[in-house]
Ligand SMILES: Nc1ncnc2c1ncn2[C@@H]1O[C@H](COP(=O)(O)OP(=O)(O)OP(=O)(O)O)[C@@H](O)[C@H]1O
Ligand SMILES: [Mg+2]
């Protein structure tokens, strides 16, 4: 008859990061529910999902291992980690020390030594209950999508400032989520001086596993009120990240946050129209050049047609300046090129935009007196007052 599991292990969830670990230490973990994964899963190993993570230092290349442990250390809900192996690179161990709970066991070790290290980490983890799941926002969530008519029109800048203005307006903790959907090379993290942590590739074929806890492992907090969801640079991301994973992530974000702001890629992806049709507002950002205005008009028309008239995009003219510096079209001339009225304008302020981007953070933080901040505040007030809330379930708003 098999011996009963040690009480400390019964019902515990242990993630084994390394293909040889199950065979090597599986017996010492009897009673626990174990799961084997590759190093890419390490950064999302949350205390709410796993009681312990065992990492085989010998199974992974030192740089990849150090990066994964560093990413995990940036996750405030990281599970305790036990690093085992013969090779213990200093960078890995140094990053490991940044975790709230971790230990190192150098090979060769006995079963008793392993069991003691595991028991100590589990005992240490016990008093820390998994944080309560985020409450669905009262009264549902609102989602605004922002897209540039041409490259460099200012979509990311405006998305960052809108999200910041909404966070200040709401004042509630974790009320706003800015999602950078430029999955290959989104600039929002750099603009905010934040480290991107979203890894949708890990959920290929398993989009339904994305829930509020996974989302929290993906977010980078920017302020108490504002979270960022953005992916590390990956040139293949648009080909490899599944449509289902993107849409599920958006759905969960709408269940968790009062406000969701999307920085959309300019070119249409398999999930673009669904993301836009689930948004309460679609803002097309243009600059004041004739080609940009023509592109803005075409893009707005394309979106309107594709969404069956359900959501009428609004056109925002960015970098409005006095005419003294060159032959920019006036607002009237711009509206003639657009063949419609622009819905809002944002002043040009290169110094403020560059200073904020260079310092890492919103313009509202580094140059609060900039006209950009004032214009964005006006735009946000106007749109927030006129919009309709979506259901907390994230269900698409009826057209
Ligand atoms: N109102 C503004 N005044 C001055 N500079 C601005 C303004 N808005 C944006 N910029 C600057 O314009 C440049 C492009 O902005 P941004 O990256 O936001 O554009 P984008 O539309 O997101 O570009 P991409 O097509 O690469 O995604 C940046 O240097 C930014 O600082
Ligand atoms: Mg951008």
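No lab work stands behind these numbers, since they all come straight from the coordinates. On a predicted model such as this, the values are computed, not experimentally measured, just so you know. FYI the Cβ positions are ideal-geometry reconstructions off the backbone, even for glycines, and counts take in every protein chain you see.
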**Study point:** Between helix 111-125 and the chain: long-axis angle, C-alpha atoms, 0 to 90°, nearest 10
**Key:** 40 degrees
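Quick check: residue separation of residue 371 and residue 24 times 0.36 nm, minus the Cα distance between them. What number comes out in nm? Walk me through the intermediate numbers first.
Details: separation 347, 0.36 × 347 = 124.92 nm, distance 6.24 nm.
The residue 371-residue 24 span can extend by a further 118.7 nm.
So what's the convex hull volume per residue for the Cα atoms of the chain, in Å³?
150 Å³
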Review point. When only Cα pairs under 8 Å and 6 or more residues apart are kept, what is the percent relative contact order across the chain?
Key: 16 percent
Review point. Based on the alpha-carbon gyration tensor of the range 164-207 and its eigenvalue square roots a ≥ b ≥ c, which shape applies: rounded if a/c is under 1.5, prolate if not and a/b is larger than b/c, or oblate?
Key: oblate
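How much of the DSSP beta bridge set in the range 153-288 is antiparallel, as a percent to the nearest 5?
Numbers: 2 of 11 bridges.
Here the antiparallel bridges make up roughly 20 percent for the range 153-288.
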Practice item. Quick one: compute the contact order of the range 27-75, relative version, from alpha carbon pairs under 8 angstrom and 6+ residues apart, as a percent. Key: 52 percent
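To make sure I understand, if each residue's beta carbon is the centre and we count other beta carbons within 10 Å, what order do 93, 252, 69 fall in, fewest to most? List each step's numbers first, then the result.
On the way: 93 15, 252 20, 69 29.
Listing 93, 252, 69 from fewest to most nearby Cβ atoms yields 93, 252, 69.
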Point to revise | Cut-off 19 Å, label 7 Å out along Cα→Cβ of residue 238, residues of the range 162-189 by amide N | key: 179-189
Practice item. Go ahead and estimate [θ] at 222 nm for the chain from helices alone: -39,500 (n - 2.57) per DSSP H run with n ≥ 4, summed, over the residue count, rounded to 500. Key: -10500 deg cm²/dmol
Review point. Angle between the Cα long axis of helix 62-73 and the longest principal axis of the chain, 0 to 90 degrees, nearest 10?
Key: 70 degrees
Check your understanding: How do 194-203, 369-378 rank on mean C-beta neighbours within 10 Å, highest first?
Key -> 194-203, 369-378
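Run the numbers for residue 294 and residue 74: contour at 0.36 nm per residue of separation, minus the present Cα-Cα distance, in nm.
Contour length minus Cα-Cα distance gives 74.9 nm.
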Review point. Put a dot 7 Å past each Cα toward the Cβ at residue 94 and residue 332; how far apart are the dots in nm?
Key: 6.4 nm
Revision key, fill the gap. Expected sort for 186-192, 161-167 on mean C-beta neighbours within 10 Å, highest first, is 161-167, 186-192
Study note, to complete from the structure: Taking every DSSP bridge whose two residues both lie in the range 142-386, the antiparallel percent to the nearest 5 is 5 percent
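Taking only the C-alpha atoms, wrap a convex hull around the range 13-125 and report its volume per residue in Å³ as a whole number.
Numbers: hull volume 9.5 nm³, N = 113.
Normalising the Cα hull of the range 13-125 by residue number yields 84 Å³.
Write down the percent of antiparallel bridges among all DSSP beta bridges whose residues are both part of the range 1-85, to the nearest 5. Present the calculation step by step, with values, prior to reporting the outcome.
Values: 1 of 14 bridges.
Looking only at bridges with both residues in the range 1-85, the antiparallel portion is about 5 percent.
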Practice item. Could you run the Debye sum over the Cα atoms of the range 253-329, one equal point scatterer each and no solvent, and tell me log10 of I(q)/I(0) at q = 0.18, 0.27 Å⁻¹, two decimals? Key: -0.79, -1.34
Review point. Helix 155-170: angle to the longest alpha-carbon principal axis of the chain, degrees 0 to 90, nearest 10?
Key: 80 degrees
